[in-house]
Amino acid sequence: MTSPREPIGVIGTGYVGLVTAAGFAELGNDVWCIDIDAAKVDRLKRGEIPIYEPGLAELVTKHRGRLHFSTDIADALEQARLLFVAVGTPPTYSGDADLSSVNAVVDAMPPSDQHALVMKSTVPVGTGDSIKRIFAGQGKEGFRYVSCPEFLKEGSAVSDFLRPNRVVVGDDGDWAGDAVVELYAPLDAPLVRTDIASGEMIKLAANAFLATKISFINEIANVCEVTGANVTEVAKGIGLDDRIGPKFLQAGVGFGGSCFPKDVSALKQLAGNSGYHFQLLNAVIEVNELQKRRVIGKLEKHLGTLVGKRVALLGLAFKPNTDDMREATSLVLSARLQAAGAHVSAYDPIAEGEARRMMPGLEFADDTLGCVRDADAVVLVTEWEEFKTMDLGQIAAAMAGNVLIDGRNALDPAAVRAAGLIYEGIGQG
Ligand code: UDX
């Protein structure tokens, strides 16, 4: 006889909230999902999923009976003692994290010694402490607090939730931390049980380290270009050292998304606010900004001035298998190309709707061939599977020119050249 699973609340139904809710429903928990956006809650009640994430819609449909959606936090408080917080913490103009949504949740909590907030949103180190102080100031010192950072990647968020590398629980060693550990027990993942501040830092440090790895390999790629080495070979050669590892050594046109740019900047800012100048992260950010713009130089090398030239962008989302355009390299690249006088066409299998809102002045195509038609140059920006397998002969025939910049080293250079195109990747000698 197994004991019934504990019901939980999840506040915020964005990427993290919805995946967490669906993931726990899969483990057998009833989940009360709360969002202030009434229209979104209505859509979710009708079974519509507001984001594109492989496997998520299926999981939400499968567990319709366990997933309850509401705009009223009281519903979650009534049903559950653990309230996961998964609201947005976007960067402010200063690079700090904007905690207004988190603070609104804190203020909405009633006095209770039977509830805990479990923080999934990425917050600065020290947030748990200050929330506990706020609770104390509001006569709610009985409310417990747990840091439980999320490491899911967009595009594989559901499997990341169900098969995590580790579970981090930062708490004060009370019932709430024990209950969160218990919730995750069926996943059988390595557990890091620690204090709240360390839990908060683990999330920021993990993302900062991965971003550092990407900027590092991008700089190696840039040096490869001037020395004749090939970054793909170099990444393979260093990645086999198990102290380094093969992942996140894919050189390209820079990292984007909702996490890396924001979290690297937040950690840099957090250090700065505390009197420490985090030099390495300054470089990571600067290298990334320059990397997005290097494509312009590559195009000019082949086309001369870009004034009046037609450039086709294949892929707009910040990475494949997502419709997320946040901090996508395509945003900077298309704006730079337009500023340089080029005519820009674009195609993305999924992100077009979002892209249209964010990228005025672009000509959007319905498919790859429509995008590259009459183009002087094509730039592969996001390595969607359909671009890796596209018919290069057809591409070459549809283009007016013959330059292909592979911004993700996703294509076979020999095959591109065999189709009669000039191939230029990132860091390929
Ligand atoms: C990331 C972290 O991986 C995840 O643990 C955290 O919870 C949220 O942030 P995500 O933003 O979904 O996840 O995407 P990820 O797959 O990590 O890629 C981030 C960016 O880095 C993308 O723009 C991707 O194209 C780029 N990238 C990644 C590279 O340029 N090279 C690589 O080798 C890996």
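The values are calculated or read from the model by the stated rules, or taken from the named source; none is laboratory data. This is a predicted model, so every value here is computed, not measured. No Cβ is skipped: glycine too gets one built from the backbone with ideal geometry, and neighbour counts run over all protein chains shown. All accessible areas refer to the heavy atoms of the entire protein, side chains included, with ligands and DNA or RNA removed. Shrake-Rupley method; radii C 1.70, N 1.55, O 1.52, S 1.80 Å.
Does G370 count as of a type in the set (G, A, S) and within 16 Å of the ligand (Cβ to nearest atom)? In short, no. Restricting segment 373-384 to residues that are open to solvent by less than 30 Å² (accessible area, probe 1.4 Å) and not polar (S, T, N, Q) leaves a set whose member that is farthest from the ligand (Cβ to nearest atom) is A375.
Residues of segment 239-253 that are outside any loop (DSSP other than H, G, I, E, B) and either touching a helix residue (DSSP H, G or I) at 6+ places or on another chain (Cβ under 9 Å) or touching a residue at least 40 places away in the same chain (Cβ under 8 Å) (or both): none at all. Checked against (1) on the phi > 0 side of the Ramachandran plot; (2) within 16 Å of the ligand (Cβ to nearest atom), G275 passes all but a single condition, namely (2). Among the residues of segment 190-198, not a single one is buried (at least 18 other Cβ atoms within 10 Å of the Cβ), within 19 Å of the chain's Cα centre (by Cα) and hydrophobic (A, V, I, L, M, F, W, C). Check segment 218-234 and report whether any residue there is under 25 Å from the mean Cα position of the chain (by Cα), open to solvent by 50 Å² or more (accessible area, probe 1.4 Å) and without any contact (Cβ under 8 Å) to a residue 40 or more places away in the chain. So far as segment 218-234 goes, no, none of its residues is under 25 Å from the mean Cα position of the chain (by Cα), open to solvent by 50 Å² or more (accessible area, probe 1.4 Å) and without any contact (Cβ under 8 Å) to a residue 40 or more places away in the chain. The single condition among (1) of a type outside the set (A, V, I, L, M, F, W, C); (2) more than 21 Å from V167 (Cβ to Cβ); (3) open to solvent by less than 10 Å² (accessible area, probe 1.4 Å) that D96 does not satisfy is (3).
Of the residues making up segment 76-96, those that are over 20 Å from L117 (Cβ atoms) and either touching a residue at least 12 places away in the same chain (Cβ under 8 Å) or not in a loop (DSSP other than H, G, I, E, B) (or both) are P91, S94, G95, D96. Using the structure shown, decide if L280 is more than 16 Å from the ligand (Cβ to nearest atom), open to solvent by 70 Å² or more (accessible area, probe 1.4 Å) and touching a strand residue (DSSP E or B) at 6+ places or on another chain (Cβ under 7 Å). Against the criterion (more than 16 Å from the ligand (Cβ to nearest atom), open to solvent by 70 Å² or more (accessible area, probe 1.4 Å) and touching a strand residue (DSSP E or B) at 6+ places or on another chain (Cβ under 7 Å)), L280 does not qualify.
Scanning segment 236-264 for residues that are away from the ligand (no atom under 13 Å from the Cβ) and crowded, with 16+ Cβ neighbours inside 10 Å turns up nothing. Looking across F387, F364, one residue alone is open to solvent by 10 Å² or more (accessible area, probe 1.4 Å), in contact with a helix residue (DSSP H, G or I) (Cβ under 9 Å, 6 or more places away or on another chain) and among the aromatic types (F, W, Y). It is F364.
Checking each residue in segment 138-168 for being within 15 Å of L187 (Cα to Cα), open to solvent by 40 Å² or more (accessible area, probe 1.4 Å), free of Cβ contacts under 8 Å to residues at least 60 places away in the same chain and more than 8 Å from the ligand (Cβ to nearest atom) picks out R163, N165, R166. Of everything listed in (1) in contact with a strand residue (DSSP E or B) (Cβ under 9 Å, 6 or more places away or on another chain); (2) at pLDDT below 95, the single unmet condition for T71 is (2). What about A179, is it touching a residue at least 40 places away in the same chain (Cβ under 8 Å), in contact with a helix residue (DSSP H, G or I) (Cβ under 7 Å, 6 or more places away or on another chain) and open to solvent by less than 40 Å² (accessible area, probe 1.4 Å)? No; evaluated as a whole, the condition is false for this residue.
Please go through segment 313-349 and pick out each residue that is away from the ligand (no atom under 12 Å from the Cβ) and either among the acidic types (D, E) or surrounded by fewer than 18 Cβ atoms within 10 Å (Cβ to Cβ) (or both). Correct list: D323, A335, R336, Q338, A339, A340, G341, D348. Among the conditions (1) within 24 Å of G256 (Cβ to Cβ); (2) acidic (D, E); (3) modelled with pLDDT of 95 or more, the only one that E78 does not satisfy is (1).
Taken over segment 405-423, the criterion of being open to solvent by 30 Å² or more (accessible area, probe 1.4 Å) and outside any loop (DSSP other than H, G, I, E, B) is satisfied by P413, A414, A415, R417, A418, I422.
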